[in-house]
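Encoded as structure tokens, the structure appears first; notes follow it.
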Amino acid sequence: MEEPLRLSPKVLLTDPIRMLPSLFLPLVGVLFLSGFSPGSFIWAAVGAVGSVAFAAVRWATFTYRIVGDRLELTRSLVSRSVRTIPLERIRGVDVSAPPLHRLLGIAVLRIDTGAGGSEKQEGELDGVTAAEAERLKAVLLWHARARAARRAQAQGPVPAAGAAPAAGALPVPSAPSGPPGERHHPGADGHEAGEPTPGRTVFVLPRKWLLYGPISGAYLMTPFALVAGAVGAAFQWGAELRVDRRVVQSAGEWLWEHPPFLVGVLVLLVLAMPVLATIMYAVFNWDFTLRVREGYLVAERGLITRRNVSLERRRVRGFELVEGLAERRARLARAWAIVTGLGDSETRGQLLPVVPRDDALDVMGREIGRITADLRPHPPAARRRRLFRAVFPWLVVAACAIAAVLRWSELWWALAVPALIMTALGVPLGLDRYRSLGHAYDGIRLSVRSGSLRRSQAVVERRAVVGWTLSQTWFQRRAGVLTVTAGVGAGSGGYSAIDVGEAAGPAFAAEVTPAWITPFLSGDAAPADPANPVR
């Protein structure tokens with residue numbers, strides 16, 4: 001059992017600085033209302049000293065330690081509270097270092113317990129030294145490995161020496177002996193609890209690939225976001241800073257009344273889009289590295305804020321490949337892991353940023369598993385539905401605008417022309433959405449794909465499927481199609497094959513889990529796959 005430990009005393013610097021945004025407006029208000037008198041500076045100093053004193057009390061009354069099979073976080077500020085996190089519930093440990101933390105040599109350690117993704121339901125140690133963060137991370141993950149080893153030994157005999165493991169199986173570490181939380185003799189891997197072990201590097205993002213950032217589109221609106229933020233700050237803090245809002249409004253009106261200058265500003269913002277997008281992409285994904293270490297997939301990234309995320313491999317059930325429209329044209333993609341019991345999977349589950357699609361498939365195939373079957377096309381009725389949904393709404397708008405032109409005013413052409421353009425663009429968009437539809441099963445993994453502007457393909461292991469939902473709207477019944485959703489206890493919770501044929505949909509579900517679905521199918525709808533005979 002460890003002795004109670006405290007955070008680094010350096011948090012006495014970081015905590016007051018983190019409190020500055022909430023103290024900024026009151027302090028500025030006191031200074032301006034008091035006319036920058038000596039008394040106003042005294043009150044401002046009292047506020048600053050108070051924040052430091054509060055941080056000192058928080059630091060002195062917070063401890064953490066590992067006791068047996070649990071991690072205890074104790075707070076005794078006013079009343080004593082002890083928060084207990086069972087080690088067996090820990091799904092991952094993230095280590096991040098914001099700029100000030102990196103400067104001071106400390107880090108933030110977050111513990112993912114799979115408690116619905118709420119940060120308040122997970123453990124956080126904000127202000128441990130970098131060395132302590134790595135030590136504690138190794139200890140917590142070591143306990144998970146030991147638990148997995150004990151379960152594997154309880155389930156069956158260990159293969160004889162020299163025997164090849166089953167295909168797709170992960171190596172199981174030896175279970176260390178002795179009480180948890182203490183250092184032990186080296187196990188089969190030759191490392192002790194709390195001692196970081198070397199890992200295998202799976203992927204390192206080349207620096208030249210940072211230029212792919214603007215293609216993803218996620219950061220392209222950065223210049224407009226910065227301008228909007230500056231204008232919002234001027235309106236929000238204008239009174240405290242004695243900046244008249246009418247100045248901002250007058251500047252906007254002046255630009256509106258001088259179109260050449262307005263166009264020039266817009267052109268500058270557009271030209272800045274790829275530059276700032278590349279900078280922001282590099283800031284978040286600088287030196288991105290994916291490693292395999294002690295049964296975990298470890299993703300590390302960041303230039304200003306360095307973040308380290310660990311995903312337990314035995315909980316990975318597949319991956320999701322996402323491609324935007326521009327990314328598809330450049331044959332690029334992003335990849336997320338589908339992991340059971342993972343909170344905030346949109347951020348923590350990302351395994352690859354924007355990289356060439358072939359490289360993404362190669363990395364995912366080697367580390368998680370690839371699907372060997374080709375996607376099956378969906379019926380022509382699905383194409384008609386995709387075209388109708390992409391064209392009909394804009395066609396209605398165009399028709400109403402043209403009617404308004406004929407009845408009232410030609411000003412309605414300002415709406416009719418864009419609607420007609422969107423109607424025409426809806427045809428290739430609908431066809432592309434249809435071509436993106438598909439589903440597959442190769443006996444081990446299933447895959448579904450859909451989308452156009454954001455095309456997503458999920459590849460999920462068969463063992464991850466916990467149920468099926470077959471849904472059919474009134475329009476789908478008229479078209480003879482339905483949507484088949486595989487319920488998965490990981491990732492987003494379900495992955496859908498959209499507009500599958502009425503017979504092919506249930507047959508697909510029966511092919512994956514014949515024991516669940518086949519008893520409810522007629523002979524015509526039963527799958528004919530010889531690997532899964534059901535007739």
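The values are calculated or read from the model by the stated rules, or taken from the named source; none is laboratory data. Remember, it's a predicted structure, so these values are computed and weren't measured experimentally. Glycine gets a Cβ as well: all are built from the backbone with ideal geometry, and neighbour counts include every protein chain shown. With ligands, DNA and RNA removed, areas are computed over all heavy atoms of the protein, side chains included. Shrake-Rupley method; radii C 1.70, N 1.55, O 1.52, S 1.80 Å.
Annotations for the structure displayed:
Table: residues versus (1) more than 16 Å from Phe475 (Cβ to Cβ); (2) touching a Ser or Thr at 6+ places or on another chain (Cβ under 9 Å).
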{"residue": "Arg386", "(1), (2)": "no, yes"}
{"residue": "Ala398", "(1), (2)": "yes, yes"}
{"residue": "Ala414", "(1), (2)": "yes, no"}
{"residue": "Gly426", "(1), (2)": "yes, no"}
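- Candidate set from the stretch 271-287 (those that are closer than 22 Å to Arg200 by Cα and of a type outside the set (D, E, K, R)); member that is most open to solvent (accessible area, probe 1.4 Å): Trp286
- Residue match in the stretch 339-354 (condition: free of Cβ contacts under 8 Å to residues at least 60 places away in the same chain and in contact with a helix residue (DSSP H, G or I) (Cβ under 8 Å, 6 or more places away or on another chain)): no
- Filtering the stretch 188-213 to residues that are assigned to a loop (DSSP other than H, G, I, E, B) and either surrounded by 11 or more Cβ atoms within 10 Å (Cβ to Cβ) or modelled with pLDDT of 80 or more (or both) leaves Ala188, Asp189, His191, Glu192, Ala193, Gly194, Glu195, Pro196, Thr197, Gly199, Leu205, Pro206.
- Qualifying residue in the stretch 288-307 (condition: part of a loop (DSSP other than H, G, I, E, B), open to solvent by 10 Å² or more (accessible area, probe 1.4 Å), in contact with a Gly (Cβ under 7 Å, 6 or more places away or on another chain) and of a type in the set (A, V, I, L, M)): no
- The one condition in (1) in contact with a Ser or Thr (Cβ under 7 Å, 6 or more places away or on another chain); (2) closer than 30 Å to Glu294 by Cα; (3) modelled with pLDDT under 85; (4) open to solvent by less than 60 Å² (accessible area, probe 1.4 Å) that Thr74 fails to fulfil: (3)
- Leading residue by the ranking (farthest from Ser436 (Cα to Cα)) among those in the stretch 470-501 that are at pLDDT below 90 and open to solvent by 30 Å² or more (accessible area, probe 1.4 Å): Gly489
- The listed residues are Arg383, Arg389, Arg463, Arg433, and the only one of them that is in contact with a Phe, Trp or Tyr (Cβ under 7 Å, 6 or more places away or on another chain), in a helix (DSSP H, G or I) and open to solvent by 40 Å² or more (accessible area, probe 1.4 Å) turns out to be Arg383.
- Scanning the stretch 436-460 for residues that are of a type in the set (Ser, Thr, Tyr) and under 20 Å from Phe392 (Cβ atoms), we see that the one that is surrounded by the most Cβ atoms within 10 Å (Cβ to Cβ) is Ser450.
- Residue in the stretch 35-42 that is modelled with pLDDT of 80 or more, open to solvent by 50 Å² or more (accessible area, probe 1.4 Å) and part of a helix (DSSP H, G or I) present: no
- Only a single criterion out of (1) modelled with pLDDT of 80 or more; (2) of a type in the set (Gly, Ala, Ser); (3) open to solvent by 30 Å² or more (accessible area, probe 1.4 Å); (4) outside any helix (DSSP H, G or I) is not satisfied by Gly127, namely (3).
- Within the stretch 268-282, residues that are touching a residue at least 40 places away in the same chain (Cβ under 8 Å) and of a type in the set (Val, Ile, Thr) sit with their Cβ atoms under 6 Å from residues that are open to solvent by less than 80 Å² (accessible area, probe 1.4 Å) and part of a helix (DSSP H, G or I), at 6+ positions apart or across chains, in these pairs: Thr278/Gly213; Thr278/Pro214.
- Listed by first and then second residue, the pairs linking a residue in the stretch 357-374 that is under 17 Å from Arg291 (Cβ atoms) to a residue that is modelled with pLDDT of 90 or more and aromatic (Phe, Trp, Tyr), with Cβ atoms under 7 Å apart and 6 or more places separating them unless they lie on different chains, are Val363/Phe203; Met364/Phe319; Ile368/Phe319.
- Count of the stretch 392-450 residues which are in contact with a Leu (Cβ under 9 Å, 6 or more places away or on another chain) and charged (D, E, K, R): 3
- When Val46 is tested against (1) at pLDDT below 80; (2) not in a helix (DSSP H, G or I), just one condition goes unmet, and that condition is (2).
- Yes/no for Leu406 being under 29 Å from Leu325 (Cα atoms), open to solvent by 20 Å² or more (accessible area, probe 1.4 Å) and either of a type outside the set (A, V, I, L, M, F, W, C) or part of a helix (DSSP H, G or I) (or both): no
- The C-beta contact set for the stretch 80-107 (first residue outside any loop (DSSP other than H, G, I, E, B) and surrounded by fewer than 21 Cβ atoms within 10 Å (Cβ to Cβ), second residue modelled with pLDDT under 85 and among the small types (Gly, Ala, Ser), distance under 6 angstrom, 6+ apart or interchain) comprises Ile85/Gly123.
Matching residues to (1) surrounded by 11 or more Cβ atoms within 10 Å (Cβ to Cβ); (2) over 28 Å from the mean Cα position of the chain (by Cα); (3) in a helix (DSSP H, G or I); (4) at pLDDT 70 or above:
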{"position": "Ile215", "(1), (2), (3), (4)": "yes, no, yes, yes"}
{"position": "Ala228", "(1), (2), (3), (4)": "yes, no, yes, yes"}
{"position": "Val243", "(1), (2), (3), (4)": "yes, yes, no, no"}
{"position": "Glu253", "(1), (2), (3), (4)": "yes, yes, yes, yes"}
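- Selection within the stretch 445-476 - of a type outside the set (Ser, Thr, Tyr), in contact with a helix residue (DSSP H, G or I) (Cβ under 7 Å, 6 or more places away or on another chain) and closer than 22 Å to Gly349 by Cα: Arg445, Leu446, Arg449, Gly451, Leu453, Arg455, Arg462, Val465
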